[in-house]
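Down below is the structure, laid out as structure tokens.
The values are calculated or read from the model by the stated rules, or taken from the named source; none is laboratory data. Just so it is clear, the structure is predicted and the values come from calculations on it, not from any experiment. As a convention, Cβ positions derive from the backbone with ideal geometry for all residues, glycine included, and neighbour counts pool all protein chains shown. Surface accessibility is based on the protein's heavy atoms, side chains included, excluding ligands, DNA and RNA. Shrake-Rupley method; radii C 1.70, N 1.55, O 1.52, S 1.80 Å.
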Amino acid sequence: MSHFSTVKTKLTNRECLVQALTDLNLSPQVHEKAQSLKGYYGSSQGQSAEIIVSGRTIKARADIGFKWNQASGVYDVIHDSYETVPKLGKDFFSNKLMLAYGKHLIRAKAAELQEQFGECAIAESTSGTVQTLRLTFAGHQEVKQFARR
């Protein structure tokens, strides 16, 4: 039976999340106040979110929502797995979205650290399933690596 499920995430940065969804061609709609989601049968089932990917975007009958959870300080994903898994794949949220989100989060952090350490160069490399972004700051001798496995 088709229904919405809520999944806990580690997504905290709204701007990086929206950019990642855009990179994945999902055309997110961003709202200051949570809006009702459209479910498989047309009703919202009481679910709402601030960031919404219309089901039409992925040729599905249910929307995908990202709702800010004030208590935990992260976005929860609200989706209908009967609709999203066949269209996006079962590892979409844990792999593709997190990879795109991580890239934007690292770049945002690098821009923040440039004031402190000077100009930053970012080098990307992929080895099998491991993707590495290497940040090198001009005013700092240490090289920091952030890897997503």
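What's the total number of residues in segment 44-58 that are without any contact (Cβ under 8 Å) to a residue 24 or more places away in the chain and assigned to a helix (DSSP H, G or I)?
Selection size over segment 44-58: 1.
Any residue in segment 17-30 that's on the phi > 0 side of the Ramachandran plot: show its pairings with residues that are at pLDDT below 95 and open to solvent by 30 Å² or more (accessible area, probe 1.4 Å) at Cβ separation under 6 Å, as long as the two are six or more apart or on different chains.
Ser27/Thr57
Looking at segment 70-97 only, could you name the residues that are open to solvent by less than 30 Å² (accessible area, probe 1.4 Å) and either touching a residue at least 24 places away in the same chain (Cβ under 8 Å) or touching a Lys or Arg at 6+ places or on another chain (Cβ under 6 Å) (or both)?
Hits for segment 70-97 are Gly73, Val74, Tyr75, Asp76, Val77, Ile78, His79, Asp80, Glu83, Thr84, Leu88, Leu97.
Checking Lys67 against (1) of a type in the set (Lys, Arg); (2) in a helix (DSSP H, G or I); (3) modelled with pLDDT of 95 or more, which test does it fail?
(2)
Quick one: is Lys109 open to solvent by 50 Å² or more (accessible area, probe 1.4 Å), free of Cβ contacts under 8 Å to residues at least 24 places away in the same chain and within 27 Å of Phe137 (Cα to Cα)?
Spelling it out, Lys109 is indeed open to solvent by 50 Å² or more (accessible area, probe 1.4 Å), free of Cβ contacts under 8 Å to residues at least 24 places away in the same chain and within 27 Å of Phe137 (Cα to Cα).
Just one of (1) closer than 19 Å to Ser5 by Cβ; (2) open to solvent by 60 Å² or more (accessible area, probe 1.4 Å) trips up Arg134, so point out which.
All conditions pass for Arg134, except number (1).
So Tyr41 clears everything in (1) more than 18 Å from Asn95 (Cβ to Cβ); (2) open to solvent by less than 60 Å² (accessible area, probe 1.4 Å); (3) touching a residue at least 12 places away in the same chain (Cβ under 8 Å); (4) out of contact with any Lys or Arg (no Cβ under 6 Å at 6 or more places or on another chain) except one condition, right? Which one?
With respect to (1) more than 18 Å from Asn95 (Cβ to Cβ); (2) open to solvent by less than 60 Å² (accessible area, probe 1.4 Å); (3) touching a residue at least 12 places away in the same chain (Cβ under 8 Å); (4) out of contact with any Lys or Arg (no Cβ under 6 Å at 6 or more places or on another chain), Tyr41 is out only on (2).
Quick grid of which residues meet (1) touching an Asp or Glu at 6+ places or on another chain (Cβ under 8 Å); (2) within 27 Å of Thr132 (Cα to Cα):
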| residue | (1), (2) |
| --- | --- |
| Leu37 | yes, no |
| Ser54 | yes, no |
| Asp63 | no, no |
| Thr84 | no, no |
| Leu88 | no, yes |
| Asp91 | no, yes |
| His104 | yes, yes |
| Ala108 | yes, yes |
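Does Thr12 fit the bill of being surrounded by 13 or more Cβ atoms within 10 Å (Cβ to Cβ), under 12 Å from the mean Cα position of the chain (by Cα) and part of a loop (DSSP other than H, G, I, E, B)?
yes
Determine which single condition Ser72 fails, assuming it passes every other condition in (1) under 14 Å from the mean Cα position of the chain (by Cα); (2) in a loop (DSSP other than H, G, I, E, B).
Looking at each condition in turn, Ser72 falls short on (1).
Among the residues of segment 15-34, write down those that are in contact with a strand residue (DSSP E or B) (Cβ under 6 Å, 6 or more places away or on another chain) and assigned to a strand (DSSP E or B).
Hits for segment 15-34 are Gln29, Val30, His31, Ala34.
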